[in-house]
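The values are calculated or read from the model by the stated rules, or taken from the named source; none is laboratory data. This is a predicted model, so every value here is computed, not measured. Here Cβ is always computed from backbone atoms with ideal geometry, including for glycine, and neighbour counts include all displayed protein chains. Calculation scope for accessible area: heavy atoms of the full protein, side chains included, ligands and nucleic acids excluded. Shrake-Rupley method; radii C 1.70, N 1.55, O 1.52, S 1.80 Å.
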Amino acid sequence: MRCVTVTASTAPARWEYAPAPESVKAPIREQYDLFIGGRWIPSKGGKRFPTINPATEETLSRVVDASATDVDRAVEAARKAFPKWSKTKPTERAKYLFRVARRIQDKARELAVLETMDGGKPIKESRDVDVPLVAQHFFHHAGWCDKLRYAVPFRGRDHDPRPIGVCGQIIPWNFPLLMAAWKLAPALCCGNTCVLKPAETTPLTALALAEIFEEVDLPPGVVNVVTGGPSTGKALVEHAGVDKIAFTGSTEVGKRIATTCAGTGKRLTLELGGKSPNIIFADAAIDQAIEGIVNGIWFNQGHVCCAGSRLLVEESVLDEVIAKLRHRLKSLRVGDPLDKNTDVGAINSAEQLDTIRRYLKIGDEEGAKREEVINGPLPSKGYWCRPTFFTDVQPSHRIAREEIFGPVLAVLSFRTPEEAIVRANNTPYGLSAGVWTDKGSKVFEVARQLKAGVVWCNTFNKFDAASPFGGYRESGFGREGGRHGLMAYLAKT
Ligand code: NAD
């Protein structure tokens, strides 16, 4: 194994930051029941399990591993609510979504703290990215409620877009509240009712959202939240009373869900994994591109489906880019996610940390050269992984092909734009890509040929409720956000 370590002693002298701990406290109940039919009800047959803070390993609360009977009750409540909700005047539905959005803004700080405690992401990200986008999604879709006729391809003056019915929505742990908003806001806007299942390691913000639905008097059963693990998700997917499944998670589970839904008549959208290329041409503004690389792979500890985890650098600037990246890494602060100075927080779970470590070992064994930043000690408790990049990576290496879902970057090079495009598309995934160049014509020429749902030019990881997001190939199908995202929640007529 060749491993070079950048230590504090080799770093230039610098000022130490004083800790800047977040002062707002998030209210967390000792335990939560299930939110079904507008009430908090105990499980029938489901055991409780703890949800922990990955930065401290402390138990935050205990939630239910919902049973098939619980899922059945939730689907029944959603079915019961559907006739009235789907006929509710669009302007009335919009009022509920506006209220939800405003309540999210009122509680923004608490929600950000809760997200950070339950998931490990830095407070500056949950506060400045996740929660504002969550509010934006509800505001955006509130605006669409009475304009759905203009969202779909025109089919005559009398065309009246209809909802699908009951939507089963299953989400992952990397952006728990944002993924809930991506699923619920368009579904409710179109007049559907929902059963939401958050990920097992991050249920708390979905439950906080259920509290908001209670506060704004959303009619009972319009949204139901069932916590639990894979068996809860499976029961929801298999339930005959569900008309549509919307799943965000791993490609492996997505494929299983597609098999289950095949032939049932259920509508399905899948938002799955990725191994996205971030292409840096020699004529790019390199300092700006370095920020794009950092944001592309170390945002949210690399727990990002569209992370720019494969860096493709034009050979003539490879040494310059690596030197600048190494320098920039020295200033990334890893540690307490509730400290406002922290750039890289905790890994979401012990299980995910094991996966990342396994890939670090694979990279070493494959002969790639590993560099990681050691910028002070890591906390003694919790799950941590230092921001890392590998050079001397071959396209055949597993670290260049497989989704690691952690703060680990594989650096490769190319000589011509054609080679960059071939290497970028050499993946079974197709979720996102980045292109960095000062030449406008090159941006369009390259972006056009990249097989990815989203291509960012001279930026990375930019999201907007009005902009559709989704993948090609093994990254799934269907779009979330914007006008295209509404199609996934309207019946085909
Ligand atoms: P996962 O597939 O293990 O779990 C996702 C969700 O599915 C969880 O709620 C889980 O409990 C549930 N689940 C697990 N097995 C199930 C089954 N058999 N039937 C029904 N539900 C089941 O994924 P994860 O580890 O939580 O999330 C990480 C993955 O999500 C990564 O691959 C990432 O790329 C992907 N992701 C994609 C997007 C996107 O928009 N494309 C966004 C975020 C995350």
Cα-centre dipole for the range 296-344 with unit charges at Cβ (Lys and Arg positive, Asp and Glu negative), debye to 20: 160 debye
Between the range 467-493 and the range 244-320, the Cα center-to-center distance that results, in Å: 17 Å
Residue-level accessible surface for residue 67, protein heavy atoms, 1.4 Å, Å²: 20 Å²
Whether the range 310-415 is rounded, prolate or oblate, judged on the alpha carbon gyration tensor where a/c under 1.5 counts as rounded: oblate
Selection of chymotrypsin sites (Phe, Trp or Tyr not before Pro), the range 116-181, meeting DSSP coil and at most 15 other Cβ within 10 Å: 154
349, 231, ranked by accessible area, largest first (probe 1.4 Å): 231, 349
Between helix 251-261 and the chain: long-axis angle, C-alpha atoms, 0 to 90°, nearest 10: 30 degrees
Furthest towards positive pole of dipole, 406, 279, 63, structure part the chain, Cβ charges: 63
Cα-based equivalent ellipsoid, the chain: semi-axes from gyration tensor eigenvalues, Å: 38, 27, 20
Cleavage-rule hits, trypsin sites (Lys or Arg not before Pro), the range 34-93, DSSP coil, Cβ neighbours within 10 Å at most 11: 47
Set of lysines with alpha-carbon distance to residue 25 below 30 Å, sequence-local pairs under 8 removed: 47, 95, 107, 121, 124, 183, 197, 340, 381, 462
Antiparallel bridges, percent of DSSP beta bridges restricted to the chain (to nearest 5): 30 percent
Helix-only mean residue ellipticity at 222 nm for the chain, each DSSP H run of n ≥ 4 adding -39500 (n - 2.57), per residue, nearest 500: -11500 deg cm²/dmol
The range 33-99 - Rg over Rh from alpha carbon coordinates, Kirkwood radius: 1.14
Loop trypsin sites (Lys or Arg not before Pro), the range 349-442 (other Cβ atoms within 10 Å of the site Cβ: 15 or fewer; DSSP): 381, 415, 439
Solvent-accessible surface (1.4 angstrom probe) belonging to residue 179, in square angstrom, nearest 10: 10 Å²
Aspartates and glutamates with Cα under 16 Å of residue 44, excluding same-chain neighbours fewer than 8 positions away: 33, 65, 70, 72, 76
Contact order relative to length of the range 302-452, as percent, for alpha carbon pairs under 8 angstrom and 6 or more apart: 29 percent
